[in-house]
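The values are calculated or read from the model by the stated rules, or taken from the named source; none is laboratory data. Given the structure is predicted, the values throughout are model-derived calculations rather than measurements. We place every Cβ from the backbone using ideal geometry, glycine too, and count neighbours over all the protein chains shown.
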There are 4 protein chains.
Amino acid sequence: MLRKMSFAIIGGDLRNIKLADSLFSEGNSVYIYGFKKASFDVNHKETECIQEAVMRSEVVIGPLPCSNDNETINTPFHDGKILINELFKAMSKKQLFIAGHISEKVANLAQVYNVYCIDILEREEMAVLNAIPTAEGAIQIAMEEMPITLHSCNALIMGFGRIGKILAGMLQGIGSQVYVEARKYADLAWIKSYGYKPVYLDDLAGCLPKMDVIFNTIPSIVLNANMLSIIKSDCLIIDLASKPGGVDFAKAGEIGLKTIWALSLPGKVAPVTAARYIHETISNIIDELGV
Amino acid sequence: MLRKMSFAIIGGDLRNIKLADSLFSEGNSVYIYGFKKASFDVNHKETECIQEAVMRSEVVIGPLPCSNDNETINTPFHDGKILINELFKAMSKKQLFIAGHISEKVANLAQVYNVYCIDILEREEMAVLNAIPTAEGAIQIAMEEMPITLHSCNALIMGFGRIGKILAGMLQGIGSQVYVEARKYADLAWIKSYGYKPVYLDDLAGCLPKMDVIFNTIPSIVLNANMLSIIKSDCLIIDLASKPGGVDFAKAGEIGLKTIWALSLPGKVAPVTAARYIHETISNIIDELGV
Amino acid sequence: MLRKMSFAIIGGDLRNIKLADSLFSEGNSVYIYGFKKASFDVNHKETECIQEAVMRSEVVIGPLPCSNDNETINTPFHDGKILINELFKAMSKKQLFIAGHISEKVANLAQVYNVYCIDILEREEMAVLNAIPTAEGAIQIAMEEMPITLHSCNALIMGFGRIGKILAGMLQGIGSQVYVEARKYADLAWIKSYGYKPVYLDDLAGCLPKMDVIFNTIPSIVLNANMLSIIKSDCLIIDLASKPGGVDFAKAGEIGLKTIWALSLPGKVAPVTAARYIHETISNIIDELGV
Amino acid sequence: MLRKMSFAIIGGDLRNIKLADSLFSEGNSVYIYGFKKASFDVNHKETECIQEAVMRSEVVIGPLPCSNDNETINTPFHDGKILINELFKAMSKKQLFIAGHISEKVANLAQVYNVYCIDILEREEMAVLNAIPTAEGAIQIAMEEMPITLHSCNALIMGFGRIGKILAGMLQGIGSQVYVEARKYADLAWIKSYGYKPVYLDDLAGCLPKMDVIFNTIPSIVLNANMLSIIKSDCLIIDLASKPGGVDFAKAGEIGLKTIWALSLPGKVAPVTAARYIHETISNIIDELGV
């Protein structure tokens, strides 16, 4: 992204404010709207109305996630509501709308208003980069909750996708004994190549009883009642998978296993880093489009 | 692979003999043919003829690569020739033929003879596992050829596929400053996540002049005359890409750059490990087929 | 430590209770005293009086640190006071007293009562092992306090003793850019050999301005007013050095730098691991003495 | 070393020529003598006689090792002999003589001639830095000699001094299962902290039979007939210890174990890096002396 551009930042959390700072610091013009009630410092003056912010900008950036109800923009720090169609109405064909988790309904609405929109969380590089603060957040939680060190402990990661890969590397770097469960032979080959202990799904039951901490990344109940019943009582289970998660939480609670369902970690544990990754990905999008 | 089975090992190099040892040591029956002139120790007696080996076996294992001429089996240690159609004629419908790099021509021949054949080098896990000895072989060559240590040196890897990933990890583990060139934003995100220095293709020219060693894994001439002209005269270039390779070797020779085109490393630098990986992959194939 | 022995555990914190569990689980007899007000679970029944615990044991284990006032045993969970001379009076010549940070005054008292005592924190292996939970605790604090990831951040460690060495390895394992400041040429050579960026004391001023987090391990004010003045305003400073620490805290507060003086981390962040290391070291002591 | 200085380089191997290049490239004056028969390129013209080289220089640098017979300088590429006393006679009180492994006899001679001499191999930072090419050389040999990859293999390092520490880190970085044998409890604690498998000397016999490669760094016969008898027949033994080494080589040969006694690796496998480390250490010496 070589030339200076103008951006409207509409709603969202601390990440979007940090994104505004970061875009501004590189010489871009930035117009923000939707942060009047923010508890953190906001270095930019809000525009009078959403239309002003949009009108002055080439690119409009919405929140991650874009909306929780498919009708209003997700604006936790705004003193009112911003309707999605109000925003789209204010936009012209030449503008670009970038936000996270744009639902089919919102995408359809965008088409109606002739708004070109891009879901930043669908970008592969964003998903990879987001896995970094997610993995660190998971490690922070484990450190806070466990009375033993991660160093030397037996840590199982279920799933070897983006988060699984990065988390495994960090845990190994701290000194954990890293076990990774996967299904595909090729994944097991990768796991072995990195020096982790591969756990084939069929062997999971043999591995579970000796684990000190389990990180799940698979959005499907693998840790069911049977599996939970063979886990050590002082083992910590951290579920990083989106709904429905990978743990039978009710059963786990019943037998007294400590479980933590940790979602949306990047914005919580490292908002500045998360904002930088959003910035980088927006630059890539703009470069690709040749805007 | 739980039950004991019978295998014919037909031709190939030291890896196939080590594979025979390994299969035998797990209680399987093994019949070999095509190793009379081997310079290494062979612990198994050859069968009288190829038909005997095939007849006594459930699975027939050929060489990697299967054939160099599409007509005869690749048998560097046999005192004659084995025609592929002779082998296929001896096989029944119930048997399985496993070999490496089975060409379209050979595959067609197999169909004519009703032989079910599987190319082991098409298996993703085999390709991943093979990247381990390949990466180690590349490191060995670099250590042998360079008057400086890999520790602290600037090492560039071009391409972030299987070999690139594993080689990058090992070089970092030895203490090199690892640069990785890639094209896709997602790959660059991965490269960054592992702590290597990402080099976008457009920035390659800026990076090349300070490199001490370059490992290419891209089968397309990236290091052309222009690029070669900005590389340090004492930089070593190791090309790991299959034909046509990634280096203009003629030009490199002209300007006095040392280049090594290193192919088929697993069988050369670690035949026993390579055989173990073939064994594992054959077990996976058999498990999947439910033979 | 092959044969089963008997131990009195007198006072201390959760670590001593976990130590009691751990000694007991290996078949030893354990008598505890000084935990009546503990908020955590205690699986062992206290003896009637301190004399009973001592009389029944071959080895008497005190707290870490042994005493805060040189007169009473450090017993945060006891409903009264235990005088050190009361304890020593109850002990015989054949018994061994093990505790942490035994001051000269307490050591003199031990001599008066003919008690053979060993300071476990003077044991080199204990000091090394304790550096593991200390380093992890420091990382946990950094993760909690920083709005960026440790991955990719610039982290400076001042001092390359036990904590510095282990912390550097863990930070590198998570993906930080690790800088280590040291004075001796040999230490700088070690730092380089591990792939960290060596910072010679004279070059500290050049390095400080780009740091995101600084971990000090040197018990002498290196980060004085001058040095603090060139540190980024959002840099976090974690001081792990015992008194007087390495930071001019007053000055840091004045200019708005966030500083955390984190002491005694092992017992706080990983009491179970800390107890295991105490157990291992006690076993080594007993083996060496041939008790 | 800030100001430009003048150096005489007298005898030695490729390292000393690379050192001359390196000193010259930083703007120093360099006079060489003793390389007339060198098979490698020498970019500097020799002086007419040794006296000329010495007279023109502030610092005189000899070979590593300085001498093999205590009478002549070690000059493998000179067309004659250089007597040590001839060199010392030519030197003045104000000059400095730096070389490697200066024997007591040579040191006494220096005193007679009033020559201030420093043994560079006695410098701790030089010893640490030299361990880097030594470890890499050991890995290169292992890769060349073993038919399996270092990745995934069981590698035992005996001794946890400089070479042991750096070699362990590199092997772990390549993916070996690293076992380290040591005697002191503190060393075993360090070994554990780095994630290697600690092997207490008493447990060596239990560990040896499963090793694929053994690197010895202890200059005392630990691998005696008894120990050798329980090692796998295809295990490779690389001895890096100076005389008498750590292996009963005769016995090993008798029972058919492959052993390699690898000494003086830095000059052999990475002369340019070795020269750079000599250069750095000479700079440190000069800085410390405030010459």
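Restricting attention to the range C:31-66, which residues are loosely packed, with under 14 Cβ neighbours inside 10 Å and closer than 25 Å to C:Y116 by Cβ?
Within the range C:31-66, C:C49 is the sole residue that qualifies.
Restricting to the range D:205-247, give me the number of residues that are farther than 29 Å from D:A127 by Cβ and not aliphatic (A, V, I, L, M).
Total satisfying the criteria: 8.
In contact (Cβ under 8 Å) with a residue 12 or more places away in the chain and surrounded by fewer than 21 Cβ atoms within 10 Å (Cβ to Cβ), is that true of D:I237?
no
I'd like the full set of residues that are outside any helix (DSSP H, G or I), modelled with pLDDT of 95 or more and either among the basic types (K, R) or buried (at least 22 other Cβ atoms within 10 Å of the Cβ) (or both), limited to the range D:13-30.
Passing the criteria: only D:V30.
How many residues does the range B:253-266 hold that are buried (at least 19 other Cβ atoms within 10 Å of the Cβ) and in a helix (DSSP H, G or I)?
So the answer is 2.
Here is a check on your reading of the model: is B:R123 over 23 Å from the mean Cα position of the chain (by Cα) and touching a residue at least 40 places away in the same chain (Cβ under 8 Å)?
It is false that B:R123 is over 23 Å from the mean Cα position of the chain (by Cα) and touching a residue at least 40 places away in the same chain (Cβ under 8 Å).
Suppose we filter C:V106, C:V112, C:V128 for residues that are closer than 22 Å to C:N16 by Cβ, free of Cβ contacts under 8 Å to residues at least 40 places away in the same chain and out of contact with any strand residue (DSSP E or B) (no Cβ under 6 Å at 6 or more places or on another chain); which single one remains?
From the options C:V106, C:V112, C:V128, the qualifying one is C:V128.
Testing D:Y200 on (1) within 26 Å of D:S233 (Cβ to Cβ); (2) more than 14 Å from chain B (Cβ to nearest Cβ); (3) of a type in the set (S, T, Y); (4) crowded, with 19+ Cβ neighbours inside 10 Å, one condition comes back false. Which one is that?
Against the list (1) within 26 Å of D:S233 (Cβ to Cβ); (2) more than 14 Å from chain B (Cβ to nearest Cβ); (3) of a type in the set (S, T, Y); (4) crowded, with 19+ Cβ neighbours inside 10 Å, D:Y200 comes up short only on (4).
Quick one: which strands (runs of 3 or more DSSP E) sit completely within the range A:155-233 and have at least 2 residues that are closer than 20 Å to A:E254 by Cα?
Per the criteria, A:213-216.
Could you check, for the range D:186-208, whether at least one of its residues is closer than 16 Å to D:A135 by Cα and either in contact with a Pro (Cβ under 9 Å, 6 or more places away or on another chain) or not charged (D, E, K, R) (or both)?
No, every residue in the range D:186-208 fails to be closer than 16 Å to D:A135 by Cα and either in contact with a Pro (Cβ under 9 Å, 6 or more places away or on another chain) or not charged (D, E, K, R) (or both).
For every residue, the table says whether it meets (1) polar (S, T, N, Q); (2) in contact (Cβ under 8 Å) with a residue 60 or more places away in the chain.
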position	(1), (2)
B:V247	no, no
B:I255	no, no
B:T259	yes, no
B:V269	no, yes
B:R276	no, yes
B:E280	no, yes
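If a residue has to be touching a Lys or Arg at 6+ places or on another chain (Cβ under 9 Å), under 23 Å from B:N224 (Cα atoms) and modelled with pLDDT of 95 or more to count, how many in the range B:180-203 make the cut?
Selection size over the range B:180-203: 2.
Which number in (1) within 18 Å of C:I282 (Cβ to Cβ); (2) over 19 Å from the mean Cα position of the chain (by Cα) marks the one condition that C:K81 misses?
Only one criterion is unmet by C:K81, namely (1).
How many residues are modelled with pLDDT under 95 and polar (S, T, N, Q) if we restrict to the range B:260-274?
1
On the basis of being in contact with a strand residue (DSSP E or B) (Cβ under 6 Å, 6 or more places away or on another chain), modelled with pLDDT of 95 or more and crowded, with 19+ Cβ neighbours inside 10 Å, does A:V247 make the cut?
yes
Determine whether the range B:84-100 contains at least one residue that is in contact (Cβ under 8 Å) with a residue 24 or more places away in the chain, hydrophobic (A, V, I, L, M, F, W, C) and closer than 20 Å to B:F40 by Cα.
So far as the range B:84-100 goes, no, none of its residues is in contact (Cβ under 8 Å) with a residue 24 or more places away in the chain, hydrophobic (A, V, I, L, M, F, W, C) and closer than 20 Å to B:F40 by Cα.
Which members of the range D:124-156 meet the condition of being touching a Ser or Thr at 6+ places or on another chain (Cβ under 7 Å), over 17 Å from B:P266 (Cα atoms) and more than 12 Å from chain C (Cβ to nearest Cβ)?
Matches in the range D:124-156: D:A155 only.
Between residues in the range B:9-35 that are among the polar types (S, T, N, Q) and residues that are assigned to a helix (DSSP H, G or I), which pairs lie under 7 Å by C-beta distance while being six or more apart or on different chains?
Filtered contacts from the range B:9-35: B:S22/B:A275; B:S22/B:R276; B:S22/B:H279.
Report the residue count in the range D:131-184 for those that are in contact with a Cys (Cβ under 8 Å, 6 or more places away or on another chain), among the polar types (S, T, N, Q) and surrounded by 24 or more Cβ atoms within 10 Å (Cβ to Cβ).
The number of residues fulfilling the criteria is 1.
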